[in-house]
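The values are calculated or read from the model by the stated rules, or taken from the named source; none is laboratory data. All of these numbers come straight from a predicted model, not from anything done at the bench. Cβ sites come from the backbone with ideal geometry, for glycine too, and all protein chains shown count toward neighbours.
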Amino acid sequence: MVIYAIPGLGTTEKLYKNLHIKGVEIIVLKWPIPEKNDTMQSYAKKFLPQIDTSLPYCLLGVSFGGMLCAELSTIISPKKIFLISSSKYRAELPWFIKFFKYVPLHKMISEKTHRKMAYEGRWFIGFGSALIPEYLGMINSMTKNYFKNCINIIVNWDRKELPKNYVHIHGTSDRLLLHKYVKADYAVKDGSHAMVVFRAEEISKIIESELQKI
């Protein structure tokens, strides 16, 4: 089985470095360049050339990556999609993210400031003092205007329906996409938004269990 994985906003394949799933090859997709007018749907389609749909596969996404997987599942037919620390549709986004659709402050902030805010926000999402060189490296590897355009995609996400064949894994201590706003299949006690790094063993076992049901 192959799992195609999309990282969270501003991160790379390093986000999945502790995730080990028996009998599975995890292929982490590269970020296509997000354009100013991209929507979640149009941006998701840009990942399609990296996915081989001729053999059985699943999708996996963390945070923004999970939202993109939800959109991809309406275009292609994965056996399952695994959403970690994510939202399945707009109703699960917290109010302070939805707010920026109507007051688009993110468009007024420079890309340099976006990157600085992403780095400083590591405490809020659960990285803390861990992985500082790796996290900074991931942020700095993003293309020009990546953060501004991707944040715009998120705050304007208009999906109203649940995706098919999803498994939602969410931490109870997620401070960005709050647990109380989502309906998760698996609640990881005290898991943060960055739990895919720090609670990888538990998450791997959940995914292994779900794959056995296919």
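General remarks:
- For the range 113-161, a tally of residues being surrounded by 14 or more Cβ atoms within 10 Å (Cβ to Cβ) and at pLDDT 90 or above returns 17.
- If you go through the range 28-68 and pick out every residue that is without any contact (Cβ under 8 Å) to a residue 12 or more places away in the chain, part of a loop (DSSP other than H, G, I, E, B) and more than 18 Å from Asn145 (Cβ to Cβ), you end up with 1.
- One residue stands out in the range 69-86 among those that are of a type in the set (A, V, I, L, M) and assigned to a helix (DSSP H, G or I): the one that is surrounded by the most Cβ atoms within 10 Å (Cβ to Cβ), namely Ala70.
- Any hit, the range 101-119, residues being closer than 30 Å to Leu211 by Cα and either outside any helix (DSSP H, G or I) or charged (D, E, K, R) (or both): no
- So Lys98, is it under 25 Å from Met142 (Cβ atoms), modelled with pLDDT under 95 and assigned to a loop (DSSP other than H, G, I, E, B): no
- Any hit, the range 87-94, residues being at pLDDT 90 or above, in a helix (DSSP H, G or I) and farther than 30 Å from Ser204 by Cα: no
- Only listed residue being modelled with pLDDT of 90 or more, in a helix (DSSP H, G or I) and among the small types (Gly, Ala, Ser), chosen from Ser173, Ser209: Ser209
- Among residues of the range 3-26, those that are buried (at least 16 other Cβ atoms within 10 Å of the Cβ) and either among the β-branched types (Val, Ile, Thr) or outside any helix (DSSP H, G or I) (or both), counted: 14
- Every pair of residues 6+ apart whose Cβ atoms lie under 6 Å, when the first sits in the range 182-201 and is farther than 13 Å from Leu19 by Cβ while the second is charged (D, E, K, R) and buried (at least 17 other Cβ atoms within 10 Å of the Cβ): Val182/Glu92; Val188/Arg199; Gly191/Arg199; His193/Asp174
- Exactly one residue among Phe100, Phe82 is over 18 Å from the mean Cα position of the chain (by Cα) and either aromatic (Phe, Trp, Tyr) or closer than 14 Å to Lys164 by Cα (or both), and that residue is Phe100.
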